[in-house]
1. Answer yes or no as to whether F65 is touching a Phe, Trp or Tyr at 6+ places or on another chain (Cβ under 7 Å), surrounded by 10 or more Cβ atoms within 10 Å (Cβ to Cβ), at pLDDT below 85 and not acidic (D, E).
Amino acid sequence: MAEESGQLAGPPAKKGITITWRGIVLIIIAVVLLVFAVQNLQLADVKFLGADVQIWVWALVVGSFALGMVLGGVVKSGARKLRKPKPKPNS
């Protein structure tokens, strides 16, 4: 039909979802955390800076993981800002 109107047909449109390797890694991490959470429903005593709290083991681990991800992102973005910009070529 595109050729009849004088236009060339382009590549076929992709349908569905494309998953990258990062997506696969995130899915694996999410499944591992879910299995861990289901298997660790008991409470743990946590003492931090004078506070004495009882918290589920899974919540402690998932919270620590999330905090590590956030802090890792902050450090990575800070390192990018400190990196010297590439010199522009003379034209």
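1. So F65 does not fit the description; no.
Every residue, every condition in (1) loosely packed, with under 12 Cβ neighbours inside 10 Å; (2) at pLDDT below 85, yes or no:
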{"position": "N40", "(1), (2)": "no, yes"}
{"position": "K47", "(1), (2)": "yes, no"}
{"position": "D52", "(1), (2)": "yes, no"}
{"position": "A59", "(1), (2)": "no, no"}
{"position": "G72", "(1), (2)": "yes, no"}
{"position": "G78", "(1), (2)": "yes, yes"}
{"position": "K81", "(1), (2)": "yes, yes"}
{"position": "P85", "(1), (2)": "yes, yes"}
{"position": "N90", "(1), (2)": "yes, yes"}
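The values are calculated or read from the model by the stated rules, or taken from the named source; none is laboratory data. Please read all numbers here as calculations on a predicted model, not as lab measurements. We place every Cβ from the backbone using ideal geometry, glycine too, and count neighbours over all the protein chains shown.
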